[in-house]
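The values are calculated or read from the model by the stated rules, or taken from the named source; none is laboratory data. Everything numeric in this text was worked out from a predicted model, so none of it was measured. Quick reminder, even Gly has a Cβ in these numbers, built from the backbone with ideal geometry, and neighbours come from all protein chains shown.
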Amino acid sequence: MNSKYEPAFKPFTFPSGVEIKNRIVMAPMTNTAAYDNGEVSDEELAYYRARSGGVGTVITACTYVKRNGQGFPGEFGADSDELIPSLKRLATTIQEEGAKAILQIFHGGRMCPPELLPDGQPISPSAVAAERDDAMVPREMTPEEIAEMVQAFGETTRRAIEAGFDGVEIHGANTYLLQQFFSPHSNRRTDKWGGTLEKRLAFPLAVVEAVKKAVADHAEKPFIVGYRLSPEERENPGITMEDTLVLVDKLADQQLDYLHISVGAFWNGSIRDTNDKTSRVVMIQERVGDRVPVIGVGMLHTPEDVIAALDTGVPLIALGRALIMEPKWIQKVEKGQEETIRTTLPKEDQKELVLSDEMMEYYQSIPGWIPVV
Ligand SMILES: Cc1cc2nc3c(=O)[nH]c(=O)nc-3n(C[C@H](O)[C@H](O)[C@H](O)COP(=O)(O)O)c2cc1C
């Protein structure tokens, strides 16, 4: 291996005590290939097996904590104990290849496609539609439903523990339910769950507490709890960087194992103010210092990209699309073969890249995301 890449290959110990062998994380990526009953499919297991041999830890695709939170067709579920054997197969597959396994726990809220939901009705903190074409007006959640939702995140964490996962990542990013509670666009409530910035923090913090309680009650060995967030929203009103720095300060006090900053590109500045060019990831790293580790992500494809990002002081880097296109990314860098890393997804390599037809169809349905050639 070229010695300049060594910093990416140093082991890392999370605050909970879980150690990983290097600084590279597989980013959570939905693949729409689960079975209709919510079980992880054999194709998905093969996909994860092919990608778990090099990275320190794999964060799985998001999984719904309640059936009315399914955000994607072919999303595997974690909302009932019947699905624990399926989750166990996933955790074991990842761990057998040498990576730690983190389950991304999620509810889609108003972003759920109605046709995927049992009653066709998305829910959200308030009855405000997303500013997207054809977005349906969600039903405002009742206080009882909110309390049940908090418990559902705790219950799913217990299932992750019983299934043998090394951790969970609370999906508080990418416009989904936790972000909807934090956002002044989607949360117009006037009860204890909304109204002020402080109250918009209440649901994310309640979920963190429920997840940590599940860990304290059920985990018999160190267990990772991470939180993923998106720093800004384009909408007005919408989440601003000032809001996010308050959230980040609160989260930094929760003894979490990491904050994962979901942005399109690690080096991008503000999406609200194009004159503000400072990387949102770097801003958050500077804000939290050594209070909680940060995972940076976004358009980092080459080992040079990873080293430049690590040089900012962010201790962990997630790779997403790079690992879809190149399952052996780490092994190639380790062997000094980085020039052979794929930067496109050639259709004729589908089998070699261990991608199912569903996965290929999905990637082709989100043009601009993955260069399928
Ligand atoms: C096909 C695909 C599916 C994704 N699914 C998820 C997901 O389930 N949860 C999530 O938090 N982010 C998801 N993301 C976002 C990625 O985790 C990552 O933040 C994004 O791809 C940017 O990183 P990259 O440039 O390394 O790909 C997805 C991205 C892609 C390309």
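So the values come out like this:
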{"quantity": "Qualifying residue in region 57-71 (condition: more than 13 Å from the ligand (Cβ to nearest atom), touching a residue at least 40 places away in the same chain (Cβ under 8 Å) and under 29 Å from Glu352 (Cα atoms))", "calculated": "yes"}
{"quantity": "Residue check, Val215 surrounded by 15 or more Cβ atoms within 10 Å (Cβ to Cβ), assigned to a helix (DSSP H, G or I), within 16 Å of the ligand (Cβ to nearest atom) and modelled with pLDDT of 95 or more", "calculated": "no"}
{"quantity": "Members of region 215-240 found to be hydrophobic (A, V, I, L, M, F, W, C) and under 21 Å from Gly195 (Cβ atoms), listed by number", "calculated": "Leu229, Ile239"}
{"quantity": "Region 291-303, subset touching a strand residue (DSSP E or B) at 6+ places or on another chain (Cβ under 9 Å) and outside any loop (DSSP other than H, G, I, E, B), residue nearest to the ligand (Cβ to nearest atom)", "calculated": "Val297"}
{"quantity": "Residue among Arg272, Arg280, Arg342 that alone is buried (at least 22 other Cβ atoms within 10 Å of the Cβ) and more than 23 Å from Lys100 (Cα to Cα)", "calculated": "Arg280"}
{"quantity": "Residue satisfying all of: in region 313-366; among the polar types (S, T, N, Q) and within 16 Å of the ligand (Cβ to nearest atom); nearest to Gln285 (Cα to Cα) among these", "calculated": "Thr343"}
{"quantity": "Residue list for region 335-360, filter: touching a residue at least 40 places away in the same chain (Cβ under 8 Å) and more than 16 Å from Ala50 (Cβ to Cβ)", "calculated": "Lys335, Gly336, Glu338, Thr343"}
{"quantity": "Pick from region 151-199, criterion closer than 30 Å to Glu96 by Cα and acidic (Asp, Glu), ranking: surrounded by the most Cβ atoms within 10 Å (Cβ to Cβ)", "calculated": "Glu169"}
{"quantity": "Residues that are within 16 Å of the ligand (Cβ to nearest atom) and either among the basic types (Lys, Arg) or not in a loop (DSSP other than H, G, I, E, B) (or both), drawn from region 165-194", "calculated": "Gly167, Val168, Glu169, Ile170, His171, Gly172, Leu177, Leu178, Gln179, Gln180, Phe182"}
{"quantity": "Selected residue (criterion: surrounded by the most Cβ atoms within 10 Å (Cβ to Cβ)) from residues of region 308-336 that are more than 16 Å from Lys21 (Cα to Cα) and aliphatic (A, V, I, L, M)", "calculated": "Ala309"}
{"quantity": "Hits in region 130-164 (condition: among the basic types (Lys, Arg) and part of a helix (DSSP H, G or I))", "calculated": "Arg158, Arg159"}
{"quantity": "Residue in region 282-290 that is out of contact with any strand residue (DSSP E or B) (no Cβ under 6 Å at 6 or more places or on another chain), away from the ligand (no atom under 16 Å from the Cβ), closer than 23 Å to Arg23 by Cα and of a type in the set (Gly, Ala, Ser) present", "calculated": "yes"}
